[in-house]
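For reference, the structure is listed below as structure tokens.
The values are calculated or read from the model by the stated rules, or taken from the named source; none is laboratory data. What you see is a predicted model, and the numbers here were worked out from it, not measured in a lab. Quick reminder, even Gly has a Cβ in these numbers, built from the backbone with ideal geometry, and neighbours come from all protein chains shown. SASA here: full protein model, heavy atoms, side chains in, ligands and nucleic acids out. Shrake-Rupley method; radii C 1.70, N 1.55, O 1.52, S 1.80 Å.
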Amino acid sequence: MCGLAGEIRFDGTSPDVGAVARMTGCMVHRGPDGDGLWARGPVALGHRRLSIVDLSTAGAQPMVVPRAGLTIAYNGMVYNYRQLRDELRGKGHDFFSSSDTEVIVAAYAEWGTAFVEHLVGMFAIAIWEHASGRLVLARDRLGIKPLYVAEVRGGLRFASSLPAILAGDGGTGGGIDTSIDPVAFASYMSFHSIVPAPRTILSGVGKLPPATVRVVEPSGAFRDTTYWEPRFERDPAKADWSERDWEQAFIGSLRTAVERRMVADVPVGVLLSGGIDSSLVVGLLAEAGQQDLATFSIGFEAAGGESGDEFEYSDEVARHFGTDHHRIHIPSSRLLDGIDGAVAAMSEPMVSHDCVAFYLLSQEVSQHVKVVQSGQGADEVLAGYDWYPPLADVPRDQAAEAYRSVFMDRRWPALQAMLGERWKSDDDTPSAFVDASFAVPGAETSVDAALRSDTTIMLVDDPVKRVDNMTMAWGLEARVPFLDHEFVELAGAIPPALKLSDGGKGVMKRASRGIVPDSVIDRSKGSFPVPAIRQLEGPYLERVRAALHAPEARERGLFDPGTVERMLQDPNSTRTEIGANALWQLGLIEMWLQQQGVR
């Protein structure tokens, strides 16, 4: 787990090594254990290292492999690297390190751009071919690791975070367009603050979509290849499977995913919320004989009548499995700074208050371990959210509209009433995006279509990005077994009725019996609660007010002033379709833009 950065030139000039150094320096938090900078011809690569595998200098990056004629900068973890190394040795490849980075280089040398199909893990990769001058960028199947790109005059820059891209442009005249992308802004305001790839909220910065390999030629021309797509449809070979068959397949696949994510040369802990997802991860590790497992839970002070912790459940799980448990209670005195820190750590504006919880949790956890497993992703692949059941009886050709009615923050006419004059539009781009997503062939039922959309779009640019950004803000690597691509393929094939049963994630709940305590399985769904954000008051409300009243906000004019003032007067009444605080959504984007110095 690390941070990568780079620039490639198409105009015959040398890359701006200073810009790459600034981008790399902006990501010290992602890789506090070392840094590297390498340049040759039209390309420069930078890297910040978090040492997880092969802690020696042999695993340092950017890694140059002369015999292959390749240089790589890479962020992530390939869990099957040992098996691949053995396979590649059998094909004549030699290795000077025990790192997964060198295995990726050998895999590319052996299989070309098809190398990604052999990798099991999470990754963002930049490989430069010395002889051809070709640059290859790649991102893992579920988009767990980020990769941002931006055109500059005569070249292309790329990095693990959007702020790093902006840092590279500082004072260099690279000319990155930092204006607000109106289509992305409409998506942010309608689609639960999600801006799907390849866009970001800034017009001049994009992101490589998940499961994509981009080959960039020395001329600047490029081609993208999508190498994986989850189907979310039934497998004829499993047509006669019983409920028990699915439960056994489920737990077997998840067991493999959890065990894969213990591969490291340092200890691995677990973020234990007390819900069934993370509790099952702990249970499977205990079942596998994992000793001295460190688990971590977080809680906040109550506000507005809402509890701020779920220690009751996480304590029970920790006792049941005898883990080395760390209960982290965050006093109100730390929360305001935590909000500022979380906003600064965001690669893009993310409205979920879980960001603050993950940020503060990661700060504490990083003092104990470098790697943790998390239960993130289970709700998106196993129908754990409350917007899935209403879709169960909706005809497939009506799925897109039904999904919009239960998920989107607000419909187009209501959005227009909230926006400043220059941002109003007659073009309902968010609804058109949902229509296009649901129209892709496959995904047999309306529930399947929603799960496919959420797994490939919402999950990538909300929960997964949230975990990556907030954990990496403290040099902590988070691994997500529910997003093992083989597990996701199996989950997509499970009949929707089995997922929706038992109040959601039914197949998981039944498969978990006998592994985790029944009280955890039968409890109502929880979350990382941060009541002070859900119920804005006092200094938290004032922080939002200051952001929306700032000169930059008035100049931008994103929102109708009258609407803003009405919401500030009654800050907790207006909610989005799924219950989020709408005022926080307005304030958050301005806080982020101001933090990044965007005018």
Subject >> Solvent-accessible surface (1.4 angstrom probe) belonging to Lys370, in square angstrom, nearest 10 >> reply: 60 Å²
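If N is the number of residues in region 412-488, what value comes out of its Cα radius of gyration divided by 2.2 N^0.38 Å? Each step should come with its number before you reach the end.
Numbers: Rg = 17.0 Å, N = 77, 2.2 N^0.38 = 11.5 Å.
Dividing the Cα radius of gyration by 2.2 N^0.38 Å gives 1.49.
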Original post:
Using the reciprocal of the averaged 1/r over all distinct C-alpha pairs, how large is the Kirkwood radius of region 164-284 in Å?
Top reply: 19.6 Å
Original post:
So, in nm, how far is label Asp570 from label Asp11 when the simple model puts each one 7 Å beyond its Cα toward the Cβ?
Top reply: 5.5 nm
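Write down Rg/Rh for the chain, rounded to two decimals, with Rg from the C-alpha atoms and Rh from the Kirkwood relation over Cα pairs. Each step should come with its number before you reach the end.
Working: Rg = 23.3 Å, Rh = 24.6 Å.
Radius of gyration over Kirkwood radius for the chain works out to 0.95.
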Original post:
Counting DSSP beta bridges with both partners in the chain, what percentage is antiparallel, nearest 5?
Top reply: 75 percent
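Whenever you get a sec, line up Glu117, Glu87, Glu380 from highest to lowest accessible area (probe 1.4 Å, protein heavy atoms). Please report the intermediate quantities before stating the final value.
Values: Glu117 115, Glu87 80, Glu380 5 Å².
Ranked list, largest accessible area first: Glu117, Glu87, Glu380.
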Original post:
Per the Kirkwood formula on distinct C-alpha pairs, the Rh of region 507-577 is how many angstrom?
Top reply: 15.7 Å
**OP:** Only Cα pairs under 8 Å and at least 6 apart count here; give the relative contact order of region 277-397 as a rounded whole percent.
**Re:** 27 percent
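Can you give the FRET efficiency for Arg223 and Glu555, using 1/(1 + (r/R0)^6), R0 = 51 Å, r = Cβ-Cβ distance, to the nearest 0.05? All intermediate terms of the calculation are to be shown ahead of the outcome.
Numbers: r = 40 Å, r/R0 = 0.78.
It comes to 0.80.
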Subject >> Gln367 paired with Glu301, simple spin-label distance in nm, labels 7 Å along Cα-to-beta-carbon >> reply: 1.9 nm
Original post:
Around Gly269, with a cut-off of 12 angstrom between Cβ atoms, what is the net charge of the other residues, counting Lys and Arg +1 and Asp and Glu -1?
Top reply: -1
Subject >> Using alpha carbons only: equivalent-ellipsoid semi-axes of region 185-235, gyration tensor based, whole Å >> reply: 24, 22, 5
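Find the eigenvalues of the gyration tensor of the Cα atoms of region 342-424, then list the square roots of 5 times those eigenvalues as equivalent ellipsoid semi-axes, largest first, in whole angstrom. Walk me through the numbers before you get to the answer.
Numbers: eigenvalues 216, 108, 13 Å².
One finds semi-axes of 33, 23, 8 Å for region 342-424.
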**OP:** Sort all Cα-Cα distances of region 87-218 into consecutive 5 angstrom bins from zero, then give the percent of pairs in each bin up to the one containing the longest distance.
**Re:** 2, 9, 17, 18, 18, 14, 9, 7, 3, 2, 0
Subject >> Gap separating the Cα centres of region 427-475 and region 211-259, nearest whole Å >> reply: 15 Å
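Using only Cα atoms, what Kirkwood radius does region 396-527 have, in angstroms? All intermediate terms of the calculation are to be shown ahead of the outcome.
On the way: mean 1/r = 0.0566 Å⁻¹.
The answer is 17.7 Å.
Take the residue pairs Lys145/Lys499; Lys145/Lys238; Lys238/Lys509; Lys424/Lys499; Lys207/Lys238; Lys91/Lys238 and return only those whose Cα atoms are more than 29 Å apart. Write down the numbers at each step before the final one.
Details: Lys145/Lys499 27 Å; Lys145/Lys238 32 Å; Lys238/Lys509 21 Å; Lys424/Lys499 40 Å; Lys207/Lys238 37 Å; Lys91/Lys238 35 Å.
Lys145/Lys238; Lys424/Lys499; Lys207/Lys238; Lys91/Lys238, as the Cα separations exceed 29 Å there.
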Original post:
Out of residues 5 or more away from His326 or on other chains, whose amide H comes under 5 Å of its own, with H placed 1.01 Å from N in the peptide plane?
Top reply: Thr295, Phe296, Ser297
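Per 0.36 nm of contour for each residue apart, how much would the distance between Arg411 and Arg89 grow if the chain were fully extended, relative to their Cα-Cα spacing? Provide the component values of the computation, followed by the final result.
On the way: separation 322, 0.36 × 322 = 115.92 nm, distance 5.62 nm.
Contour length minus Cα-Cα distance gives 110.3 nm.
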Original post:
Going by accessible area, probe 1.4 Å, with all protein chains left in place, what is the ranking of Glu217, Glu229, largest first?
Top reply: Glu229, Glu217
Original post:
How much length, in nm to one decimal, is gained on full extension between Ser132 and Ser501, taken as 0.36 nm per residue of separation minus their Cα-Cα distance?
Top reply: 127.4 nm
Original post:
If you project the alpha carbons of region 318-384 onto their three principal axes, what span does each projection cover, largest first, in Å?
Top reply: 36, 32, 22
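May I ask you to work out the translational diffusion coefficient for region 136-191 at 37 °C, viscosity 0.692 mPa s, via Stokes-Einstein with Rh from the Kirkwood sum over Cα pairs, reported in whole µm²/s? Can you show the working numbers first?
Details: Rh = 13.0 Å.
Estimated via Stokes-Einstein, D reaches 252 µm²/s.
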**OP:** May I ask for the equivalent-ellipsoid semi-axes of region 49-158, computed as the square root of five times each C-alpha gyration tensor eigenvalue and listed largest first in whole Å?
**Re:** 22, 16, 14
Original post:
Once the Cβ-Cβ distance between Ser524 and Glu577 is put in as r, and R0 is 25 Å, what FRET efficiency do you end up with, to the nearest 0.05?
Top reply: 0.80
Original post:
So who's got an amide H within less than 5 Å of the one on Gly34, skipping anything under 5 residues away but keeping other chains? H placed 1.01 Å off N, in plane.
Top reply: Arg49
**OP:** Would you calculate the separation in nanometres between label points at Gln595 and Arg153, each defined as 7 Å from the Cα along the Cα-to-beta-carbon direction?
**Re:** 3.2 nm
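Once you sort the root eigenvalues of the Cα gyration tensor of region 332-474 as a ≥ b ≥ c, which label holds: rounded (a/c under 1.5), prolate (a/b larger than b/c) or oblate (the other case)? Don't skip to the end; give the middle numbers.
Numbers: a/c = 2.72, a/b = 1.49, b/c = 1.83.
Here region 332-474 falls in the oblate category.
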**OP:** Compute the whole-percent fraction of alpha carbon pairs in region 479-599 spaced more than 20 Å apart.
**Re:** 61 percent
Subject >> Those GluC sites (Glu not before Pro) in region 232-287 that DSSP places in a loop and that have at most 16 other beta carbons within 10 Å >> reply: Glu233
**OP:** Stick to Cα atoms and the Kirkwood definition of Rh, then tell me Rg/Rh for region 353-400.
**Re:** 1.24
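What do you get when you divide the Cα radius of gyration of region 375-415 by 2.2 N^0.38 Å, with N the number of residues?
Numbers: Rg = 12.0 Å, N = 41, 2.2 N^0.38 = 9.0 Å.
Output field value: 1.33.
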**OP:** For region 1-89, count the residues as N, evaluate 2.2 N^0.38 Å, and divide the Cα radius of gyration by that value, please.
**Re:** 1.16
Original post:
On average over all directions, what projected area in square nanometres does region 1-47 have, based on the convex hull of its Cα atoms?
Top reply: 3.0 nm²
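For region 242-380, build the convex hull from the C-alpha positions and give me its volume per residue in Å³.
Values: hull volume 20.1 nm³, N = 139.
Convex hull volume per residue, Cα atoms: 145 Å³.
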